[in-house]
Every structure is written in C-alpha cells, then in structure tokens.
Amino acid sequence: MDTILVVNAGSSSVKFQIFAVDGDARLQRQIKGQMDGIGSRPRLRASAANGDPLADRAYPIERVPDVTAALEVAGIWLKDELRINPIAVGHRVVHGGPEYERPVRIDHGIVARLEKFVPLAPLHQPYNLAPIRSLLENRADIPQVACFDTAFHRTHGALADHYAVPFQLYAEGVRRYGFHGLSYEYVAKTLRQVAPEVANGRVIVAHLGNGASMCAIREGRSVESTMGFTALDGLPMGTRPGQIDPGVVLYLIARKGMSAADVQTFLYRDCGLKGLSGISNDMRELLESDDPHAILAIEYFVHRIGLHAGMLAAALQGIDAFVFTAGIGENSAHIRARIGEKLSWLGVELDAAENARHAGSISRPGSRIPVYVVPTDEELMIAQHTLALLMNGQPSSPNRERAS
Ligand code: AMP
C-alpha cells in the first residue's frame, strides 16, 4: 500500500506519522512516532493509530547525534521492520517567509531559498531543513513537500503585515507573519463540514496549546493573527510571554547585562505560564494547584485571550463564530468556560453540559455567537497537501480551491 511520511523536526526531537493512501486517494493514519532526546538520550517511540505500541527503544548517543540521524534511524526502522517505503515525505517548515503562500515541492533551489529564512526562525528553521537536505542528497527519488506555518497568513492585508518601523526593515523581512497556520487551515477546512453556515463568515479560532495564538478568519482566509515576526508575540504561552513591551527587553539588556542569546532563552523558555506561576508550563498542573501564583497565571492567560479576542473582533468588525482547538482548547472545559465568560459581551453563551462533555458545539441554542471545539490535525493537513501536490501538482489549500 502507498504511504506518505509526515515529518515535524525540531532541535531535540523528530515527530513523524505514516498515512496510508487508499485507491480513492483517501488518507488513513497508520503510525505515530517520535525520536526524542537527540544528542542526549535518544529514544524511539511509536504506536499504531489505535494506540497499540510498536516500538520503544533507546539508542546510543553516537548513533543519533542530530536531527538528520534521528530521521534516518526512524526511516530504517520503518523500512526494515514494517516494510514501509513512503512514496513521498511532507515536512512541517515553520517559515516560508514572505514568498510562500502555499506548500511547495522541494528541490535544491527551494532549500536554498528557505535557508534565507533561518534568521527569522533560528530555533526551528535549521532543524526543519536539515532532514530535507539529507533526503535530497541521499534519496533524491522520494518527492518532498514543504508545508509552512506562515503560509495560511499570507492573505493578510498590508495593515496586518506591517510594524510601524522604517520600510527598509519590512523589505528585509521584518513583518507580522503569524504562525500555527497549518492548524488554522485544518480548522477552517473542517469548519466547512461541521458548521457550513458560519464557515464563510467571520470566525476567531483560538489555538491554545503549549504554543498559543488566535487567528481572525474571514471567508476561510486569515486576516489577522496574534502572532507576528516570531512565535513570541500575542497570547501568553507555556514558556513564552506573549505580548510584551520591547522596553522590557531593553531593560534586560541594559540593566541586567543579558546578551541577545540570554534574552532569547529567557523569552522562549522561562516566561509565560511557567515564568508567571514559578511552577509549571503545563496547564494541567496549574489547574490542580492552589498556589496563588498558579491561580494568577491561569487568570492572566484567560484575561489576555479575552483582550486579544476583542482586538480580532475589531479586525473582523464582528464575529459569527468562535472556535477552540489544540491541547488546552480541546481538553479543558474549565478554561473554555472561563474564556466563554470573558466573551459574553460579544454574545457568547456556553452550554455547561455540552462544554463539560467536550461536544463539538458547546454554545447554548440561543447564543448569539456559536462556539465550537474542533480538534486540530496539522499532520493530516501536511499529508493532504503532500498527496495533492503529488497527484496534480497543486496543494490542497482553501485559497487554491477557491481560486480554481
Ligand atoms: P499542545 O501543545 O497542543 O499539545 O497542548 C499542550 C497543553 O495542553 C499543555 O499545557 C497541557 O497541559 C494542556 N492540556 C492537555 N490536556 C489538558 C486537560 N485535560 N486540561 C487542561 N490542559 C490540558
């Protein structure tokens, strides 16, 4: 059976999934796996789609020193033990820069262009590109597709794309890109099936996971996002602060003597729920705690979501639906209920029972704004794009579908 390999490569782990392609070009998830502890304590774990374990094994550090080796080891395991030889590989690539508004089939020229965006996402882009380069060199026969976290937001108008800085910086690429685009694209697409009456209207989607952002979507297209130049801006996250006065960064440098590298680590790893609570970046742990700092961190998270929802509602000039997705958005009825209260001025009324049972539609019948929970599936989105590019040379993006 034909299969597609989906790869999400980071600095210390490579996540992968295998999708089977049936005769009608439908995709069926078969395997979820991940190589963790790259360069420290490498470990391959994988399970079947139904959760049955398939592998859990440690490797010596010399065998898996980097991301490229991690994917190679996973590929050997898939080939030798499961007889899986994918017909194509779809990669999550965090940054498509200003150029890429849809997924693209990879060749050496594309990789060279994507290298240019490394300075825009230094913690992600190099690790996304390393296995792509290695596969291009060693398995040139396998088609590869890059799917970007920024692409869905390339429909932003000039006002959503700019900072108020000299134009030269914009020309260099200092723009409000927005991220979590594959998640928003999947949710927007799914909404057309689960709530077609609002899917073409004005929708705010809240992607609330360890990374968190919100997106304003009109007629299926992104018009504003809480994230900007990097994935630091907007909502508070597990370990990132979200919106912060740049003066704080100047203070850290001038008064605390922190270097650019120190500030980077601080902003990506030590802030957000973790920094504010002093306890954890994990929402479940905070919800179980009665420590006042944990309580404040949760209140701040909910408060900032309320504020940003107001901003996005202004961008859309009203809203027709609100959607929760990702780890917290899909699983925490408590956080959804508290956000629902913050949105009551917009006309949101949640149905406590439907919310508690994690229904797909969680607002009361009379709620002026319907509220949905749509589980995201970025890997399936990548597999769909990869298959579509393979079959007709076109990605399966909503923009493209409308354009054709
Ligand atoms: P993600 O990055 O989408 O995997 O989401 C991770 C976040 O979701 C973490 O903060 C988890 O604590 C949170 N999460 C997952 N399940 C729950 C739950 N049942 N209640 C509250 N938070 C949850």
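The values are calculated or read from the model by the stated rules, or taken from the named source; none is laboratory data. Predicted model only: the values in this text are computed from it and were never measured. Glycine also receives a Cβ, built like all others from the backbone with ideal geometry; neighbour counts cover every protein chain displayed.
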_Please go through the stretch 365-382 and give me each residue that is more than 15 Å from the ligand (Cβ to nearest atom), surrounded by fewer than 17 Cβ atoms within 10 Å (Cβ to Cβ) and farther than 15 Å from VAL198 by Cα, ordered by number._
GLY366
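Residues checked against (1) over 22 Å from the mean Cα position of the chain (by Cα); (2) under 22 Å from ARG338 (Cα atoms); (3) among the polar types (S, T, N, Q):
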{"position": "SER213", "(1), (2), (3)": "no, yes, yes"}
{"position": "GLU219", "(1), (2), (3)": "no, no, no"}
{"position": "GLU224", "(1), (2), (3)": "no, no, no"}
{"position": "THR230", "(1), (2), (3)": "no, no, yes"}
{"position": "PRO236", "(1), (2), (3)": "no, yes, no"}
{"position": "ILE253", "(1), (2), (3)": "yes, no, no"}
{"position": "PRO292", "(1), (2), (3)": "yes, yes, no"}
{"position": "LEU312", "(1), (2), (3)": "no, yes, no"}
*Output the number of residues of the stretch 329-347 satisfying the condition of being touching a residue at least 40 places away in the same chain (Cβ under 8 Å) and more than 14 Å from the ligand (Cβ to nearest atom).*
1
*asked:* Show the residue pairs meeting these rules: Cβ distance below 9 Å; 6+ apart or different chains; first residue within the stretch 283-294 and over 19 Å from GLY209 (Cα atoms) and assigned to a helix (DSSP H, G or I); second residue of a type in the set (Lys, Arg) and within 9 Å of the ligand (Cβ to nearest atom).
replied: none
*Sort out which residues of the stretch 63-72 are surrounded by 19 or more Cβ atoms within 10 Å (Cβ to Cβ) and free of Cβ contacts under 8 Å to residues at least 60 places away in the same chain, and write them in order of number.*
VAL64, ALA69
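Is it the case that HIS308 is touching a residue at least 12 places away in the same chain (Cβ under 8 Å) and within 19 Å of the chain's Cα centre (by Cα)?
Details: touching a residue at least 12 places away in the same chain (Cβ under 8 Å): yes; within 19 Å of the chain's Cα centre (by Cα): yes.
Yes, satisfied.
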*Can you tell me which residue in the stretch 256-282 is nearest to the chain's Cα centre (by Cα), limited to those that are away from the ligand (no atom under 16 Å from the Cβ) and in a helix (DSSP H, G or I)?*
LEU267
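Examine the stretch 50-67 for a residue that is under 22 Å from the mean Cα position of the chain (by Cα) and of a type in the set (S, T, N, Q), and state whether such a residue exists.
The initial filter retains those residues of the stretch 50-67 that are under 22 Å from the mean Cα position of the chain (by Cα), namely 67.
Subset that is of a type in the set (S, T, N, Q): none.
For the stretch 50-67, residues under 22 Å from the mean Cα position of the chain (by Cα) and of a type in the set (S, T, N, Q): absent.
Run down PRO65, PRO122 and say which single residue is farther than 27 Å from ALA171 by Cβ and either at pLDDT 95 or above or part of a loop (DSSP other than H, G, I, E, B) (or both). Full working, then the answer.
Details: PRO122 fails: farther than 27 Å from ALA171 by Cβ.
So the residue among PRO65, PRO122 that is farther than 27 Å from ALA171 by Cβ and either at pLDDT 95 or above or part of a loop (DSSP other than H, G, I, E, B) (or both) is PRO65.
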*asked:* Every residue in the stretch 73-113 that is within 17 Å of ASN138 (Cα to Cα), aliphatic (A, V, I, L, M) and part of a strand (DSSP E or B), please.
replied: ALA88, VAL89
*Just to be sure, is GLN125 surrounded by fewer than 23 Cβ atoms within 10 Å (Cβ to Cβ) and either over 24 Å from the mean Cα position of the chain (by Cα) or not basic (Lys, Arg) (or both)?*
yes
*Condition met for ALA326 (within 15 Å of the ligand (Cβ to nearest atom), in contact with a strand residue (DSSP E or B) (Cβ under 6 Å, 6 or more places away or on another chain) and of a type in the set (A, V, I, L, M))*: yes
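Residues of the stretch 142-167 being touching a Lys or Arg at 6+ places or on another chain (Cβ under 9 Å) and more than 30 Å from ASN85 (Cβ to Cβ), which ones?
The initial filter retains those residues of the stretch 142-167 that are touching a Lys or Arg at 6+ places or on another chain (Cβ under 9 Å), namely 143-149, 151-156, 160-163.
Across the stretch 142-167, the qualifying residues are PHE152, HIS153, ARG154, THR155, HIS156, ALA160, ASP161, HIS162, TYR163.
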*asked:* So, restricting to helices (runs of 4 or more DSSP H) that lie completely within the stretch 320-404, which ones have at least 3 residues that are modelled with pLDDT under 95?
replied: 378-392, 398-403
*Taking the stretch 203-255 only, how many residues are crowded, with 21+ Cβ neighbours inside 10 Å, more than 16 Å from the ligand (Cβ to nearest atom) and either among the hydrophobic types (A, V, I, L, M, F, W, C) or without any contact (Cβ under 8 Å) to a residue 24 or more places away in the chain (or both)?*
4
_What's the total number of residues in the stretch 1-35 that are touching a residue at least 24 places away in the same chain (Cβ under 8 Å) and farther than 16 Å from PRO53 by Cα?_
17
_Considering only residues that are among the aliphatic types (A, V, I, L, M) and touching a Ser or Thr at 6+ places or on another chain (Cβ under 6 Å), which ones fall in the stretch 208-234?_
MET214, MET227
